[in-house]
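Bear in mind these aren't lab numbers, they're just calculated from the coordinates by the rules spelled out. What you see is a predicted model, and the numbers here were worked out from it, not measured in a lab. In this analysis, Cβ positions are derived from the backbone assuming ideal geometry, glycine residues included, and neighbour counts consider all displayed protein chains.
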């Protein structure tokens, strides 16, 4: 690969009416290291063409199969593809581009089923192709500082973890009124086994494991569809058993009146605790035993090197969702360059195995609830 040029990216999905497509584009292009040049942005050819024209893409395709084939044969084809389509397309699109030898960065969840996820893990491990998963919240500087505090032993032995992700946008049956996002996210055929659990619960579970370095071993879940007639859960409460004997709770809801995107994490160890809220992303609260609480702020010199590496602005300038998203892309793009130069990837971003863990979390949470909220191993 030529090293002295901007990488070329393509996108599948994210066309007119979609939310996440433009977020991916901003994140991919924020550092000036990549440019979106091609897309198959909708399964409807007219919308695909219109969406690509609106984004000034050089090449527009009517299907992802055509795009994978054409881009793999073009000397100026894309270096990586962004998968921003609904969940049911993640697996077939990823397979097509992996087979074409094109690096993949995919929205979560990895696929619809555990079996599909296992197949993608096999394909990625059998090839030199990179695969990243956009668990955005791992990109926040304060989250990376929290992880370093745990890694450095400053919390001691982890005993208790509380994680919550609550929203209210599905309080009403929006899926019956033409809301495109609500339609596919509440449809088991397109969203998968889990509703709130699959959409935001997986983010909460991933954040817990990322910060603590401790895996969820088992779940006891109570899933509910509060909106009458809805085919997937819109609320979930869970007990968690973690590696090493620690315990946790996970709450996710899309019918929590008045909440926007309230993602919160609290971790308690034998020496200290910590607390982080996504709606105040620049602040991490550290709670050492017997001492005053410390407010650790993004951009300050006392933070770890990992937190500084994820920080883009001087202290006091808000950094949030888009910058965190872009940090995932920064690590992935760096590895695309490294692999192109014959070097080993660094892997400083969630990958295909994290995606498989997310699918197992969804499947076992649903199984637990259906069996009467019994414990299920992950």
### Summary
One finds the C-alpha centres of region 8-87 and region 213-272 to be spaced, in Å, by 34 Å
## Note on the structure
Kirkwood Rh for the chain from C-alpha pairs, in Å, is 21.3 Å
### Query
What is the ratio of the Cα radius of gyration of region 224-296 to 2.2 N^0.38 Å, where N is its residue count, to two decimals?
1.43
### Message
Based on alpha-carbon atoms only, what is the radius of gyration of region 106-160 relative to the globular estimate 2.2 N^0.38 Å?
### Response
1.57
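So in region 7-129, what percent of DSSP beta bridges are antiparallel if you round to the nearest 5? Each step should come with its number before you reach the end.
On the way: 0 of 17 bridges.
Bridges in region 7-129 that DSSP calls antiparallel: roughly 0 percent.
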### Highest-first arrangement of 218-224, 316-322, where packing means the average Cβ count within 10 Å
218-224, 316-322
### Query
What is the projected area of the convex hull of the Cα atoms of region 185-245, averaged over all directions, in nm²?
4.4 nm²
#### Entry: Debye log10 I(q)/I(0) at q = 0.16, 0.24, 0.26, 0.28 Å⁻¹ for region 37-106, Cα point scatterers
-0.48, -1.11, -1.27, -1.41
### Task
Based on the mean of other Cβ atoms within 10 Å per residue, sort peptides 327-336, 22-31 so the most packed one is first.
327-336, 22-31
### Query
If you project the alpha carbons of region 7-129 onto their three principal axes, what span does each projection cover, largest first, in Å?
37, 30, 28
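Tell me whether region 328-378 comes out rounded, prolate or oblate; compute the Cα gyration tensor, take square roots of the eigenvalues as a ≥ b ≥ c, and use a/c under 1.5 as the rounded threshold.
Verdict is prolate for region 328-378.
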### Task
Write down, largest first, the equivalent ellipsoid semi-axes of region 88-234 in whole Å, where each equals the square root of 5 times an eigenvalue of the alpha-carbon gyration tensor.
27, 25, 13
### Task
In a Gaussian network model over the chain where Cα atoms closer than 10 Å are linked, find which of 117, 195, 77 has the largest mean-square fluctuation.
77
### Query
Hey, could you pull the Cα Rg and Dmax for region 178-283, both in Å?
15.1, 51
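Taking N as the number of residues in region 273-348, what is its alpha-carbon radius of gyration divided by 2.2 N^0.38 Å?
For region 273-348, the normalised Cα radius of gyration comes out at 1.36.
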### Query
Rounded to the nearest 5, what is the percent of antiparallel bridges among the DSSP beta bridges in the chain?
60 percent
